[in-house]
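**Q** First the structure, which I've put down as structure tokens, then a few questions once you've had a look.
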């Protein structure tokens, strides 16, 4: 299934105007997490080079790609917000977590420049999975303004890195792109395993009668 989507994106890159490709491709790439994150942006850089659109065009097309990926990230931000409302009341009792605990944890994020800088850095790291960050922002109800601005700023840096790789031809180096893809996949798997381990630990603490209090 995912391979079909990847092939479709590659074909679309050759048949539609570049701005349309980055808007649609960026949204699809972010919304479907298993798709390699460098796919659309490295293709974009290569196309800009082949069409001789100039270096300054990179900044404009990166802005469009970033807008599309930010919209895709919003989907998981929205899901995280709804997940907290639906899952915690039903399943929180099994791991000793309540809605009040989540609200208290949220207060630790004061909205200072340090919090915003942290989110921007996380978003800008090329191999950092973005979906978990979006979900956590939604669960903790980080303000939409903060979410949007930090996501856009971080994604712009990340996208520009991949676009430049495509523009300079470095994206054609199989070893480089394979390394990026492997590192991102490893972090995705590690994030899932860490989440499962934390839930299992919370459940065990609840069962033993010693629920954790680091939410409070």
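The values are calculated or read from the model by the stated rules, or taken from the named source; none is laboratory data. Since this is a predicted model, take the numbers as computed values, not measurements. No Cβ is skipped: glycine too gets one built from the backbone with ideal geometry, and neighbour counts run over all protein chains shown.
**Q** With the checklist (1) modelled with pLDDT of 90 or more; (2) within 19 Å of the chain's Cα centre (by Cα) in hand, flag the one item residue 50 doesn't pass.
**A** Tallying (1) modelled with pLDDT of 90 or more; (2) within 19 Å of the chain's Cα centre (by Cα), residue 50 fails exactly one: (2).
**Q** Go through (1) surrounded by 17 or more Cβ atoms within 10 Å (Cβ to Cβ); (2) outside any loop (DSSP other than H, G, I, E, B) for residue 12 and report which single condition fails.
**A** Unmet for residue 12, out of (1) surrounded by 17 or more Cβ atoms within 10 Å (Cβ to Cβ); (2) outside any loop (DSSP other than H, G, I, E, B): (1).
**Q** Another question, then. Return the residues of the range 15-29 that are free of Cβ contacts under 8 Å to residues at least 12 places away in the same chain and either outside any loop (DSSP other than H, G, I, E, B) or touching a strand residue (DSSP E or B) at 6+ places or on another chain (Cβ under 7 Å) (or both); say none if nothing qualifies.
**A** Correct list: 15, 20.
**Q** Could you say whether any residue in the range 60-72 is without any contact (Cβ under 8 Å) to a residue 40 or more places away in the chain and either surrounded by fewer than 17 Cβ atoms within 10 Å (Cβ to Cβ) or over 15 Å from residue 161 (Cα atoms) (or both)?
**A** The answer is yes, given that some residue of the range 60-72 is without any contact (Cβ under 8 Å) to a residue 40 or more places away in the chain and either surrounded by fewer than 17 Cβ atoms within 10 Å (Cβ to Cβ) or over 15 Å from residue 161 (Cα atoms) (or both).
**Q** Further question on the same structure: Applying the selection to the range 30-46, what residues are surrounded by 18 or more Cβ atoms within 10 Å (Cβ to Cβ) and part of a helix (DSSP H, G or I)?
**A** Result: 30, 38, 39, 40, 41, 42, 43, 44, 45, 46.
**Q** Moving on to the next point. State yes or no: is residue 5 under 19 Å from residue 71 (Cα atoms), at pLDDT below 90 and assigned to a helix (DSSP H, G or I)? If you could, list the steps in order and put the result at the bottom.
**A** Working: under 19 Å from residue 71 (Cα atoms): yes; at pLDDT below 90: yes; assigned to a helix (DSSP H, G or I): yes.
When the stated conditions are applied, residue 5 passes them.
**Q** Do we have any residue at all in the range 170-178 that's assigned to a helix (DSSP H, G or I), under 17 Å from the mean Cα position of the chain (by Cα) and either exposed (fewer than 12 other Cβ atoms within 10 Å of the Cβ) or at pLDDT 65 or above (or both)? Explain how you work it out, then say what you get.
**A** Going residue by residue through the range 170-178, those that are assigned to a helix (DSSP H, G or I) are 170-172, 174-178.
Now narrow it down to the ones that are under 17 Å from the mean Cα position of the chain (by Cα): none.
Checked against the condition, which is being assigned to a helix (DSSP H, G or I), under 17 Å from the mean Cα position of the chain (by Cα) and either exposed (fewer than 12 other Cβ atoms within 10 Å of the Cβ) or at pLDDT 65 or above (or both), the range 170-178 yields no hits at all.
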